[in-house]
Amino acid sequence: MDVGQWQTTGPLPPPPPGPPTLPPYGWVIPRQQAPPNLPAGLQPPLAPAAPARQTHWLGWVAAALATFVFAVPVLLASPHSATSSSTGLRAVAGVSQRPWSPEFLDASGLPARWDPCTPIEYVVNYAHAPAGAEADVEQAIARLTSASGLRFVSRGLSSERATRDRSAYQPEVYGHSWAPVLISWSPPAQTDLLRDPKSEAVTVPIAVVSKSRTGGGSLVSAEVVLNTDRQLAVGFGPGPSEGEVLMHELGHAVGLGHVASRDDAMYPSVRGIAAYGAGDLAGFAAVGRPAGCHAAPPPHPLRSLPAPVG
């Protein structure tokens, strides 16, 4: 089984009709509104329902591409996802009018999240980072830890580059564990993730079906890449800053989607936020330490459907 591929059973499905608009890990599946029986406090965004399209997914893994775009008031290119009909794990569409939004929901309406009882490992590639970036990463993670209760452990520096086909399981590099969260900087010409030159950054969180009794999918890896062409000021303001972008993208990495409130870091454009807002904190309460332990499946290779970069 090839590393970096989705695990599937049965024949591969045909591509959807129309021009290819493919995310990093499979065919684009139209988003739908979340089921009406979502538990109190976990209501998803009320996005317009997409036209129905039959899916034939037989795998059990999902991934999302979350873009943070400067000066775009409403993101139309919100997270893309492959989804599994056998598990119901899917990404949530659009910009939520509610206080917070999950990145992924399972069939029962519960959000995918990390295990708060296990430290989240991360590595950083500073190859194209501006001076001061190291302090910004440390401070952004400290603010996220304070807001969510999630613990982070650095595994040091990495030479990995941001790419659509980064494997969530790399035993030859990281041993028998899920690949750590990768944080990096790149010019758009050197990565296939920064397709839009206006993007401040892109985050790719990886969710799999959880074995936890608490329900919801398990976030097991992610990568965050910042666009060096945007040249935001380092630090956390005043004004739009690299620190703000890191806070936003790390919010995606731990399971939060976009919201319409300009007071929250998960609003989809930079504007000078230096602290997580009330909606962000409500989301972290649902996907962070207050939600309790959430065991993830053991690390193993994944197989993906072949998807051209379009």
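The values are calculated or read from the model by the stated rules, or taken from the named source; none is laboratory data. These figures come from a predicted structure and were not determined experimentally. Because the Cβ atoms are built from the backbone with ideal geometry, glycine has one as well, and the counts that use them run over all protein chains shown. When the accessible area is computed, the model is the full protein with side chains, heavy atoms only, and any ligands, DNA or RNA have been set aside. Shrake-Rupley method; radii C 1.70, N 1.55, O 1.52, S 1.80 Å.
Here L182 qualifies as within 20 Å of G251 (Cβ to Cβ), open to solvent by less than 10 Å² (accessible area, probe 1.4 Å) and in contact with an Asp or Glu (Cβ under 7 Å, 6 or more places away or on another chain).
Taken together, the residues in the stretch 145-162 that are touching a Gly at 6+ places or on another chain (Cβ under 7 Å) and open to solvent by less than 20 Å² (accessible area, probe 1.4 Å) amount to 2. Residues that are open to solvent by less than 30 Å² (accessible area, probe 1.4 Å), farther than 24 Å from S177 by Cβ and either of a type in the set (S, T, N, Q) or part of a loop (DSSP other than H, G, I, E, B) (or both) within the stretch 94-103 comprise G94, S96, W100, S101, listed in sequence order. Of all residues in the stretch 109-129, those that are farther than 20 Å from W178 by Cα have Cβ atoms under 6 Å from Cβ atoms of residues that are at pLDDT 95 or above and β-branched (V, I, T), 6 or more apart or on another chain, in H128/T228.
Being open to solvent by 20 Å² or more (accessible area, probe 1.4 Å), modelled with pLDDT under 95, more than 21 Å from M247 (Cα to Cα) and touching a Lys or Arg at 6+ places or on another chain (Cβ under 9 Å): is that true of D165 here? Here the answer is no, as D165 does not meet what is asked.
Residues in the stretch 230-266 that are more than 13 Å from the chain's Cα centre (by Cα), small (G, A, S) and open to solvent by less than 10 Å² (accessible area, probe 1.4 Å): 3 in all. When C293 is tested against (1) touching an Asp or Glu at 6+ places or on another chain (Cβ under 7 Å); (2) under 30 Å from A131 (Cβ atoms); (3) surrounded by fewer than 24 Cβ atoms within 10 Å (Cβ to Cβ), exactly one condition is not met: (2).
Test H248 against the stated conditions and say whether it is under 18 Å from P99 (Cβ atoms), at pLDDT 95 or above and touching a Ser or Thr at 6+ places or on another chain (Cβ under 7 Å). No. Considering each of D106, D136 in turn, give the residue that is at pLDDT 95 or above, open to solvent by less than 40 Å² (accessible area, probe 1.4 Å), over 14 Å from the mean Cα position of the chain (by Cα) and within 25 Å of V259 (Cα to Cα). None of the others qualify; the one that does is D136. Among the residues of the stretch 74-86, is there at least one that is modelled with pLDDT under 95, crowded, with 20+ Cβ neighbours inside 10 Å, not in a loop (DSSP other than H, G, I, E, B) and not polar (S, T, N, Q)? Yes, that holds for at least one residue.
Taking the stretch 296-310 as the search range and keeping residues that are over 22 Å from P171 (Cβ atoms) and open to solvent by 40 Å² or more (accessible area, probe 1.4 Å), which one is modelled with the highest pLDDT? It would help to see each step written out before you state the result.
Taking the stretch 296-310 and keeping what is over 22 Å from P171 (Cβ atoms), we get 305-310.
Keeping just the survivors that are open to solvent by 40 Å² or more (accessible area, probe 1.4 Å) gives 306, 308-310.
Numbers: P306: 33, P308: 28, V309: 28, G310: 23.
Per the criteria, the residue is P306.
Each residue in the stretch 200-256 was checked for being touching a residue at least 40 places away in the same chain (Cβ under 8 Å), in contact with a strand residue (DSSP E or B) (Cβ under 6 Å, 6 or more places away or on another chain) and not hydroxyl-bearing (S, T, Y), and 26 pass.
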